[in-house]
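Written below as structure tokens is the structure these notes are about.
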Amino acid sequence: MSDPILDPTFDPAARDRGGPAQPLLSVTGLVKHFGGKRSWRGGEAKGAVRAVDGVDFAIAKGETLGVVGESGCGKSTTARLVMQIIKPDAGEIVFDGEAVGSRALDLEAYRREVQMVFQDSYASLNPRLTVEDTIAFGPRVHGVPRREATGRAHDLLAKVGLEPGRFAGRYPHELSGGQRQRINIARALALQPRLVILDEAVSALDKSVEAQVLNLLLDLKAELGLTYMFISHDLNVVRFMADRVMVMYLGKVAEVGPSDVILQQPSHPYTGALLASMPSTDPDNRTLEAPLFGDPPNPIDPPSGCRFHTRCRHTSAICANVPPPLAAVRPSHEVACLMAQPGSGHPLAAPLRENAA
Ligand SMILES: Nc1ncnc2c1ncn2[C@@H]1O[C@H](COP(=O)(O)OP(=O)(O)OP(=O)(O)O)[C@@H](O)[C@H]1O
Ligand SMILES: [Mg+2]
């Protein structure tokens, strides 16, 4: 079988197993708690940070899933779990129909298919490696001969908009932030991944540079048939990049659906509050929700019931008691809010529809 890393002419589409209807990535019941003391009786650890606490989502082939939510809600932990940098306490990750870690898709094979770009462009680069050696490093480790790996690094430099003749021999400290982030993108692409996770990848850049790198990411995605998981604090950037958006709150998914719906007519009060908290560029498009005040509660001891009930202006007694399931409100739009669920008992929920007699 042809190896995508060793064979430069390998067509990424040839790796597709289940066709377009099968999600590229599908995650169910993902849990990660940090620290805490476990009793000798077993059971749940006390005092653990419930960073990711039962998260389900899927990413379709060729789409960009935006991930938003306040600092500490578990975005990066979710990304690191998907990348298998850290081990989940529970949950299953399926990549193009194969369970990650199964015989059909072992960790080594999976790790080539998924690459990540982080916010801190400087810390992610080895200061003693030139740009071309940085990009060629991954392919070299996977057995690509030096000359070919260097050739591939030069091609990738050109792809990310840096002239190979000028940049190949430079060191990270000789580059601007935007140029360094282009190198990080080139390095991520060197192993010909199918899924790229971008964790605040443009957040440290100046606005004009940020726009250039975002456009580069869109071009690369179209050219190479990539799928993105795009994590960002900036809802305007997410609006520009993402096909669908997943909103996280205290380690759980609050709402997920098409970007235009989520970012214009959100169903979850938390999404509405996030939107109301951001500086609006369009005065006609403000939500009626009150903006967010204060910080999210402590993830060591999250509120009972709906985790957002302590900050929600629509909260009702039931919200402190009943955790809302993530349920579809319309096709491909899911919301974890009792108000969105007919017959839930929340005063603002629609009544259950009578069975047609
Ligand atoms: N290695 C760790 N050990 C202990 N706690 C951790 C660890 N990594 C993350 N956490 C905690 O888990 C929670 C989720 O963190 P995470 O970094 O996933 O949030 P985030 O949504 O990426 O936030 P930000 O927007 O600030 O990047 C936070 O309370 C964080 O302090
Ligand atoms: Mg983060």
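What to note about this one:
- Most mobile listed residue (GLY343, GLY257, GLY62) in the chain, GNM with C-alpha springs under 10 Å: GLY343
- Cut-off 16 Å (backbone N to label point 7 Å along Cα→Cβ of GLU63), residues of region 80-99: 94-97
- A crude spin-label estimate for the pair ALA158 and ASP295, with each label 7 Å from Cα along the Cβ direction, gives 5.0 nm.
- Each stretch of four or more DSSP H residues adds -39500 (n - 2.57); spread over every residue of the chain, this sum gives -8000 deg cm²/dmol at 222 nm.
- Rounded accessible area of LEU275 (nearest 10 Å², 1.4 Å probe): 20
- Short-range pairs are left out: with C-alpha atoms under 8 Å and at least six residues apart, the relative contact order of region 134-215 is 31 percent.
- Spatial extent of region 267-340: Rg and Dmax, with the Cα atoms as the point set, Å: 13.4, 39
- Cα pair count fraction exceeding 37 Å, expressed as % - the chain: 24
- The mean sequence distance of close C-alpha pairs (under 8 Å, at least 6 residues apart), as a share of the length of region 181-260, puts its relative contact order at 25 percent.
- Calculated log₁₀ intensity ratio I(q)/I(0) where the Debye formula runs over C-alpha points of region 175-330, q = 0.14, 0.16, 0.21 Å⁻¹: -0.82, -0.99, -1.35
- Once the chain from PHE137 to GLU92 is taken as fully extended at 0.36 nm per residue, the excess over their C-alpha distance is 13.2 nm.
- Distance cut-off 21 Å, percentage of C-alpha pairs in region 216-286 lying past it: 27
- Longest to shortest principal axis, alpha-carbon extents of region 101-194, angstrom: 44, 30, 23
- At the residue level, VAL94 shows approximately 30 square angstrom of accessible surface with a 1.4 angstrom probe and all protein chains present.
- Scaling against 2.2 N^0.38 Å puts the C-alpha radius of gyration of region 145-226 at 1.07.
- Centre-to-centre separation between the Cα atoms of region 94-134 and those of region 27-87: 19 Å.
- Surface listing: LYS37, LYS207 arranged by accessible area from highest to lowest gives LYS37, LYS207, probe 1.4 Å.
- Note on GLN84 and ARG353: the extension gain reaches 92.5 nm, defined as 0.36 nm multiplied by sequence separation minus the Cα-Cα distance.
- Ranking of PHE137, PHE293 by solvent-accessible surface, largest first: PHE293, PHE137 (1.4 Å probe, protein heavy atoms only, all chains present).
- Of LYS32/LYS87; LYS61/LYS252; LYS32/LYS75, those spanning more than 18 Å from alpha-carbon to alpha-carbon: LYS61/LYS252
- Restriction of the trypsin sites (Lys or Arg not before Pro) in region 240-346 to DSSP coil positions whose beta-carbon has at most 14 other beta-carbons within 10 angstrom yields ARG286, ARG313.
- Reach of LYS207 by Cα under 22 Å, taken over lysines that are not fewer than 8 positions away in the same chain: LYS159, LYS221
- Accessible surface for THR315 stands near 70 Å², nearest 10, in the context of the full protein assembly shown (1.4 Å probe).
- Placing a label point 7 Å from the Cα of ASP243 along the Cα-to-Cβ direction, the residues of region 16-35 whose backbone N falls under 18 Å from that point are 16-27.
- Taking the chain and dividing mean pair separation by its residue count, relative contact order in percent (alpha carbons under 8 Å, at least six apart): 17
The values are calculated or read from the model by the stated rules, or taken from the named source; none is laboratory data. Only a predicted model underlies this, so the values are computations on that prediction, with no experimental measurement involved. Positions of Cβ are generated from backbone atoms using ideal geometry, with glycine treated the same way; all protein chains shown enter the neighbour counts. Accessible surface areas use protein heavy atoms only, side chains included; no ligands, DNA or RNA. Shrake-Rupley method; radii C 1.70, N 1.55, O 1.52, S 1.80 Å.
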